[in-house]
2 protein chains.
Amino acid sequence: GMGAVPVRAQAEPLPSWNDGDAKKAITDFVERVTHEGIANYVKPAERIAVFDNDGTLWAEQPAYFQLAFALDRVKAMAPQHPEWKTKQPFKAVLEGDQRALAAAGEKGLLQIVAATHAGMTTEAFAKTVADWLATARHPRFNRPYDQLVYQPMLEVLAWLRANGFKTFIVSGGGVEFMRVFAERTYGIPPEQVVGSSGVVKFQIGKDGKPSLTKEAKVEFIDDGPGKPVGINRFIGRRPIFAFGNSDGDQQMLQYTAAGEGARFMGLVHHTDAEREFAYDRKSHVGKLDKALDEAIARKWTVVDMKKDWRTVFPAPK
Amino acid sequence: GMGAVPVRAQAEPLPSWNDGDAKKAITDFVERVTHEGIANYVKPAERIAVFDNDGTLWAEQPAYFQLAFALDRVKAMAPQHPEWKTKQPFKAVLEGDQRALAAAGEKGLLQIVAATHAGMTTEAFAKTVADWLATARHPRFNRPYDQLVYQPMLEVLAWLRANGFKTFIVSGGGVEFMRVFAERTYGIPPEQVVGSSGVVKFQIGKDGKPSLTKEAKVEFIDDGPGKPVGINRFIGRRPIFAFGNSDGDQQMLQYTAAGEGARFMGLVHHTDAEREFAYDRKSHVGKLDKALDEAIARKWTVVDMKKDWRTVFPAPK
Ligand SMILES: [Ca+2]
Ligand SMILES: [Ca+2]
């Protein structure tokens, strides 16, 4: 028979969502899979929900926040690297020369990542991220980056967990970067953060102490087709619920959709230039084009930020 | 002040362990870290416990069980591969020629792994493992391999979880192999299994369906120094409790030991030829030599299987 409605589900869920198709799709899905005895029931161990991070759980404009971190690190490290004054792409960063930085392309970006994300222990890196989050401010909103998370999505995360889901981040961002704030910001512990990674090496120091050192070599890019691969590698179970915001999430959504039983596939569509940003098919950051076409064709949920979200960011602390 | 002793801890833990130093070390450690207000208290989110699998949670003699699986697969697949009758290392497997198989060395082993663990979807592979576990029998005990798990270690896993720990496997075995039985056998869900892996590729088939295909290329070896690297990659938090049985666990134990606060490092020493097997410093499988020296020198817990375990395997089902 039909299971009793759990007490927690009786409180009005998702208060920062306006009533509409998107909210209804989310709440209906959770109802469908959490009642024992109903055809779509999914046991708790299999209630795997995955979320992209940049543009899905927190903002990503005018540039990925991790890139802002890397550029700030170049500036902070510059006194120890006098050669950067004349060496690209570092010169461009130090001079704020956007054109030269863009001209350095992906190769330049990898050099910046190598200089700022490698050559230190995992603990030392985590500390630079924590220090940066405590001091850096977003250029438009003048708030710490980890306060520019989406209140409606925090409510989705919490509500899924209250209904027995296990929530994971599956993001192209660096796993060691995200783990610094994911637990306190999203309630997602380090072991439930899947992301891109560099090679890490185990060493025993001269003092006999073991350490893990980050090396300047990309190991895994958790984006596009890498997302289902990362899900398989880290989670080992196909999600029943997936949320993204760009073409980099398309394969993750396809993989989620291809499982049996009830499925939820969602995209955050950035339509709100006033409260946040408006961008999609032609954006350099968070391009949403093919995935939007597929979402429309397959009736996946497309969140219209302007229309569906009562609030965007949490109130300042 | 001292927190109340939780009700669950009042039941006699670890009934399959004889009273002695090993049992006391485990129970004392759990007591020390689970009482709020005491110096060694560790909050639940940080109670990470890691376990090697082969030789620590289940047996590994006379050969790793995953190797037995691979050899059985070669035999099962032979009708579709007539060329194997004359091609090493397959010829050796089909003829049961141990000497020729040994002579094929690591290269031969990789060929066998490639032939039996790749060229299929992750789901198809999982099915071959499940089918094998349901039908294959251990040569000495004539029991399904997944019944040759250590009852005392099942009790440690369950007791840690009852005390708020999150239990992980961190094994040199294949992650896709272990995930088939880890949840039902150990209560460890797929997302808490860390292991060696091959490259997996995302593809959209002609029917429009996405799939993940296992390729014949090693991606990660979760053994020796790879274990702390795997822990960092998959868990992202240093364990406070680690159990292994061989030199392949030494770095995992060192990494665990190097954290601050209370730590537990344990080794299963196979001393019981009558009920299981006796081997250590000179064994080809599960060699325990340097890690044993370090364990003795640093007073890590060394379990003497013969002396410390009241029972070895669970009663046949
Ligand atoms: Ca994104
Ligand atoms: Ca082992």
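Here, each number is a calculation from the coordinates, and none is a lab measurement. Computed from a prediction, not measured in an experiment: that's the story for all the values here. As a convention, Cβ positions derive from the backbone with ideal geometry for all residues, glycine included, and neighbour counts pool all protein chains shown.
Here is the result for the stretch A:124-208: no GluC sites (Glu not before Pro) lie in DSSP coil with at most 11 other C-beta atoms within 10 angstrom of their C-beta.
Shielding by partners for peptide A:225-238, expressed as the average number of C-beta atoms from other protein chains within 10 Å of each residue's C-beta, is 6. Taking the C-alpha atoms only, the angle from helix A:122-135 to the longest principal axis of chain A is near 80 degrees. Taking the Cα centre of the stretch A:9-72 as reference, the dipole from Cβ charges on Lys and Arg (+1) and Asp and Glu (-1) amounts to some 220 debye. Across the identical copies, the 7 Å label point of A:Ala102, projected outward along Cα→Cβ, sits 6.7 nm from its counterparts, in ascending order. For the stretch A:136-218, the set of trypsin sites (Lys or Arg not before Pro) satisfying both a DSSP loop assignment and a count of at most 10 other C-beta atoms within 10 Å is given as A:Lys206. One residue of chain B places its C-beta nearer than any other to the axis carrying B onto A; that residue and its whole-Å distance are B:Phe234, 3.
Ranking of B:Tyr279, B:Tyr64, A:Tyr150 by neighbouring Cβ atoms within 10 Å, starting from the fewest: B:Tyr64, B:Tyr279, A:Tyr150.
In this structure, the residue pairs whose Cα-Cα separation is over 30 Å, taken from A:Lys209/B:Lys306; A:Lys91/A:Lys206; B:Lys107/B:Lys127; A:Lys87/A:Lys214; A:Lys217/B:Lys107; A:Lys87/A:Lys201, are A:Lys209/B:Lys306; A:Lys91/A:Lys206. Which residues does a label at B:Asp72 reach in the stretch B:95-113, if reach means a backbone N under 17 Å from a point 7 Å past the Cα toward the Cβ? Correct set: B:96, B:113. What net charge do the residues around B:Arg298 carry, taking every other residue with its C-beta under 14 Å from that of B:Arg298, with Lys and Arg at +1 and Asp and Glu at -1? Summing Lys and Arg as +1 and Asp and Glu as -1 gives +1. If only the Cβ of Lys and Arg carry +1 and only the Cβ of Asp and Glu carry -1, the dipole of the stretch A:34-147 around its Cα centre is close to 380 debye.
Taking other C-beta atoms within 10 angstrom as a stand-in for reagent exposure, A:Asp146, B:Asp19, A:Asp207, A:Asp289 fall in the order A:Asp207, B:Asp19, A:Asp289, A:Asp146, fewest first. When the Cα positions of A:Leu110, A:Ile240, A:Ser171 are compared along the charge dipole of the stretch A:101-241, A:Ile240 comes out farthest toward the positive end, with charges on each C-beta of Lys, Arg, Asp and Glu. Relative contact order for chain A: 23 percent, from Cα pairs under 8 Å spaced at least 6 residues apart, divided by residue count. Simple spin-label estimate for A:Glu36 and B:Lys299 gives 4.8 nm between the two label positions (7 Å along the Cα-to-Cβ direction from each Cα).
The C-alpha atoms of chain A define a longest principal axis, and helix A:65-77 lies at about 20 degrees to it. Excluding A:Ser196 itself, calculate the net charge of residues whose Cβ lies under 9 Å from the Cβ of A:Ser196, where each Lys or Arg counts +1 and each Asp or Glu counts -1. Local net charge: -3. Shown for A:Lys91: label points 7 Å from Cα along the beta-carbon vector, and their distances to the equivalent points in the other copies, 6.4 nm in ascending order.
Per residue, the average separation of C-alpha pairs within less than 8 Å and at least 6 apart gives the stretch A:235-317 a relative contact order of 29 percent. Ranking of B:Met153, A:Met265, A:Met120 by neighbouring Cβ atoms within 10 Å, starting from the fewest: A:Met120, B:Met153, A:Met265. Here the dipole of chain B is about 520 debye; that uses its Cα centre as origin and unit charges on the Cβ of Lys and Arg (positive) and Asp and Glu (negative).
Among the GluC sites (Glu not before Pro) in the stretch B:15-56, those located in a DSSP loop and surrounded by at most 16 other Cβ atoms within 10 Å of their own Cβ are B:Glu36. Between copies, the label points of B:Gly261, set 7 Å from Cα on the Cα→Cβ line, lie 3.5 nm apart, reported in increasing order to one decimal in nanometres.
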